[in-house]
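**Q** For reference, the structure I am asking about is given below.
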Amino acid sequence: MEKSALQQARMAYIPKLPEALKGLVKVKEGAPTQSVDNQEEIKQLFPNTYGMPVVEFEPSETENSEVTNVGVILSGGQAPGGHNVITGLFDTIKKMNPENKLYGFILGPGGLVDHNYIEITKDFIDDYRNTGGFDMIGSGRTKLEKVEQFEKGLEIVRELNIKALVIIGGDDSNTNACVLAEYYAAKKYGVQVIGCPKTIDGDLKNSQIETSFGFDTATKTYSELVGNVERDCNSARKYWHFIKLMGRSASHIALECALQCQPNICLISEEVKAKNMTLNQIVEQICEVIAYRASQGNNFGVILVPEGLIEFIPSIGKLIEELNDLLASHGDDYKGLAPQAQREYIMAHLSEENKQTFSTLPGNVARQLSLDRDPHGNVQVSLIETEKLLSDMCEAKLAEWAKEGKYTGKFASLHHFFGYEGRCAAPSNFDADYCYALGTSAAHLIANGKTGYMAIVQNTTKPASEWKAGGVPITMMMNIERRNGEMKPVIRKALVELDGNPFKELERNRDRWAKETCYIYPGPIQYWGPADICDRPTKTLALEQE
């Protein structure tokens, strides 16, 4: 394939490894663990992989050098650094024994079930070092949750003499990895399953996982774009820019971009839910800032909107929960109906409170909330133009205020959605290093006989040589939640903590950012230069680790 000058230069970059991963490695085991909640239920569901200890790697004089073939799967949405997880895994298993083979399953978990794979060789993998995207083997959203899938996957695992599978994915994909690990352990098939924490959304983190890979690069990419918009905004001085940012279940991306760029307003979904705010209250708050800035002669500004905001508005959240259950249990009756008949069907089956909420929503939003769910049973919020909905409602509110003499400014809006632009960017030095270390850790977990673990790297605000690597039992992160109308074991998502340092930093500054024009223009990701510029972590991670 043809390569840009940047890609050719990046291929030569050697990821930095923690000291503990540079030579031979052994594991140091900690105390037994338990799940974050619903301990008895999780223990019953995962009797063979529950209660295992957290492990940390330390230098050793010997290492397992048996022939160990490994399969790798990229699952879910793309995140910068995925290729480096695979290169770290490849380099490490080949270093353990040159006879080891790595097989990549094509287009995600479906590749395992359908026996669609390639052998990853040195010549092949070298083209993908330090590159963005998942195009090395592709990704997919097939959920591994049925016995037939597990058994079908086992056929190709046996044929290729694969000892372990590494699933690189987010919370849902790693939940599936845990289910698969438990099944193979219960059947004594001798197949290990290891997970790696991926998601640009930043919501796969906890006491053991400091950050998910891809968040660093994606937020730096979005922050560059937000900064560019801010500079344009401050140059023309005539538009309000409503910018929706990816992150359907949490507002980590919006918060990080706000800390990087200092926009006039950054909505945080978790705060909206905690304060029981209505859509109208959100609009009023935005309009108050617009009106104040107009009174100072500033008819322009930038507003950041988390992708999942609509689900966090309590009244709409309750509606979505009931719609999820309705579509899960009566979806077949509903799907064949014409749009107007679908609306009538929903209105006939909703509780009185949710019926009232549904009837007051703009038609296009109500329609989107009642469409098919994604494979995990979630509303496809990226299809809802929340940024346009908010600006339309602001325009109507400001027109009312103008008639009452409460507003004398000019309001013109522009809309943006930054999502796919950040998912496949060339990984930052942080993500290139972090992901390579995760892949290396996954290989060592396999060599040390572990299954049902997720590879982890900690101490990540320090130089890479001081990072600590190991593994955490996936069951430790699980609880029981309602999904698709059923109670299921899942990894708990990490939402923005309103008493956490990153949000408090926003809270301390947002009144000033709203009234004044305090924009910061971060510019593009820096790949070369001083470490404090090129290797720095996100502001979120730095503030959380203070």
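The values are calculated or read from the model by the stated rules, or taken from the named source; none is laboratory data. Everything numeric in this text was worked out from a predicted model, so none of it was measured. Methodologically, a virtual Cβ is constructed for each residue, glycine included, from the backbone with ideal geometry; neighbour enumeration extends over all protein chains shown. Keep in mind that these areas ignore ligands, DNA and RNA; they rest on the heavy atoms of the full protein, side chains included. Shrake-Rupley method; radii C 1.70, N 1.55, O 1.52, S 1.80 Å.
**Q** Against the empirical 2.2 N^0.38 Å scaling, what ratio does the C-alpha Rg of the chain come to?
**A** 1.01
**Q** Rounded to a whole number, what % of the accessible area of the range 395-448 do carbon and sulfur atoms account for, probe 1.4 Å? Numbers along the way, then the final one.
**A** Values: 1080 of 2110 Å².
C and S atoms contribute 51 percent here.
**Q** Ignoring ligands, DNA and RNA, please state the percent of accessible area on the range 131-280 from carbon and sulfur, probe 1.4 Å.
**A** 46 percent
**Q** Right, next: I'd like the trypsin sites (Lys or Arg not before Pro) in the range 79-122 restricted to DSSP loop residues with at most 11 other Cβ atoms within 10 Å, sorted by number. Mind showing how you got there, number by number?
**A** Details: sites: Lys94, Lys95, Lys101, Lys122; in loops: Lys101.
Listed in order of number, the matching sites amount to none.
**Q** On to the next question. For Met476, what accessible surface area do you get with a 1.4 Å probe? Give it in Å², rounded to 10.
**A** Its accessible surface works out to 40 Å², give or take rounding.
**Q** I need the Debye-formula profile for the range 169-248: one equal scatterer per C-alpha, no solvent, reported as log10 I(q)/I(0) at q = 0.13 1/Å, two decimals.
**A** -0.59
**Q** First select every other residue whose beta carbon is under 10 angstrom from the beta carbon of Ile525; then total the charges, Lys and Arg +1, Asp and Glu -1.
**A** On the way: positive: Lys220; negative: Asp216, Glu224, Asp431.
So the environment of Ile525 carries a net charge of -2.
**Q** Here's a follow-up. What value, in deg cm²/dmol to 500, does the helix sum -39500 (n - 2.57) over DSSP H runs of n ≥ 4 give at 222 nm once divided by the residues of the chain? Mind dumping the intermediate values first?
**A** On the way: 22 runs with 242 residues, N = 546.
It comes out at -13500 deg cm²/dmol, rounded to the nearest 500.
**Q** If you don't mind, another one. Quick one: what Rg and Dmax do you get for the range 451-507 from the alpha carbons, in Å?
**A** 15.9, 46
**Q** Can you put Asp511, Asp216, Asp325 in order of accessible area, largest first, using a 1.4 Å probe? Mind dumping the intermediate values first?
**A** Values: Asp511 110, Asp216 5, Asp325 55 Å².
Accessible-area ranking of Asp511, Asp216, Asp325, largest first: Asp511, Asp325, Asp216.
**Q** Using a probe radius of 1.4 Å on heavy atoms only, what accessible surface per residue do you get for the range 240-390? Whole Å² is fine. Let's see the in-between values first.
**A** Values: 5670 Å² over 151 residues.
Accessible area per residue: 38 Å².
**Q** How do Asp433, Asp135, Asp201 rank by accessible surface area computed with a 1.4 Å probe, from largest to smallest? Mind showing how you got there, number by number?
**A** Details: Asp433 5, Asp135 100, Asp201 25 Å².
Listed by decreasing accessible area, they come as Asp135, Asp201, Asp433.
**Q** Further question: On a 1.4 Å probe surface of the protein chains, which of Tyr117, Tyr420 comes out largest in accessible area, and what is the full order? Before the final figure, lay out each step's value.
**A** Numbers: Tyr117 75, Tyr420 150 Å².
So the residues, ranked largest to smallest area, are Tyr420, Tyr117.
**Q** Quote the convex hull volume per residue of the range 194-344, based on C-alpha atoms, as a whole number of Å³.
**A** Values: hull volume 26.7 nm³, N = 151.
Convex hull of Cα atoms, per residue: 177 Å³.
**Q** What's the long-distance tail for the range 135-269, i.e. % of Cα pairs beyond 26 Å? Display every interim value, and only then the final one.
**A** On the way: 3849 of 9045 pairs.
Taking all Cα-Cα pairs of the range 135-269, the fraction more than 26 Å apart is 43 percent.
**Q** Something else now. Can you find, among Gly51, Thr131, Asn459, the residue sitting farthest towards the positive end of the charge dipole of the chain, where Lys and Arg contribute +1 and Asp and Glu -1 at Cβ?
**A** Among Gly51, Thr131, Asn459, the one farthest towards the positive end of the dipole of the chain is Thr131.
**Q** Among rounded, prolate and oblate, which fits the range 279-320 when a ≥ b ≥ c are the square roots of the eigenvalues of its C-alpha gyration tensor, a/c under 1.5 means rounded, and a/b larger than b/c means prolate? It would help to have the intermediate numbers written out before the result.
**A** Values: a/c = 6.58, a/b = 2.45, b/c = 2.68.
Oblate.
**Q** Along the three principal axes, how long is the range 327-432 when you take its alpha carbons, biggest first, rounded to the nearest angstrom?
**A** Answer, in whole Å and largest first: 55, 49, 23 Å.
**Q** Mean projection of the alpha-carbon convex hull of the range 1-128 over all orientations, in nm²?
**A** Working: hull surface 44.4 nm².
The number I arrive at for the range 1-128 is 11.1 nm².
**Q** Once Rh for the range 22-65 is found with the Kirkwood sum over Cα pairs, what is the Stokes-Einstein diffusion coefficient at 20 °C and 1.002 mPa s, in µm²/s? Mind dumping the intermediate values first?
**A** Numbers: Rh = 12.4 Å.
Diffusion coefficient, whole number: 173 µm²/s.
**Q** Taking H as built 1.01 Å from N, whose amide H comes closer than 5 Å to the amide H of Gln458, not counting residues under 5 places away?
**A** Lys468, Ala469
**Q** So how exposed is Ser207, as accessible area in Å² (1.4 Å probe, rounded to 10)?
**A** About 100 Å², ignoring ligands and nucleic acids.
**Q** Evaluate the charge dipole of the range 286-403 about its Cα centre and quote only its size in Debye, nearest 20, assuming +1 on the Cβ of each Lys and Arg and -1 on the Cβ of each Asp and Glu. Display every interim value, and only then the final one.
**A** On the way: 10 positive and 18 negative charges, 82 e Å.
For the range 286-403, the charge dipole is close to 400 debye.
**Q** Follow-up question, since we're still on this one. From the square roots a ≥ b ≥ c of the eigenvalues of the alpha-carbon gyration tensor of the range 72-132, which class results: rounded (a/c under 1.5), prolate (a/b over b/c), or oblate?
**A** Numbers: a/c = 2.04, a/b = 1.21, b/c = 1.69.
Oblate shape, in that a/c is at least 1.5 and b/c is the bigger or equal ratio.
**Q** Based on the mean of other Cβ atoms within 10 Å per residue, sort peptides 280-291, 514-525 so the most packed one is first. Walk me through the numbers on the way to the answer.
**A** Details: 280-291: 18.4, 514-525: 16.1.
Output ranking for 280-291, 514-525: 280-291, 514-525.
**Q** Counting pairs on different chains as well as pairs 8 or more places apart, how many Lys pairs in the range 306-418 have Cα atoms under 16 Å apart? Let's see the in-between values first.
**A** Values: Lys318/Lys355; Lys388/Lys397; Lys397/Lys406; Lys397/Lys410.
So the count works out to 4.
**Q** Measure nothing fancy, just the Cα-based angle from helix 252-261's long axis to the longest principal axis of the chain, in degrees from 0 to 90, nearest 10.
**A** Approximately 70 degrees, to the nearest 10.
**Q** Working only with C-alpha atoms, what are the Rg and Dmax values of the range 296-355, expressed in angstrom?
**A** Calculated on Cα positions, Rg and Dmax stand at 17.0, 56 Å.
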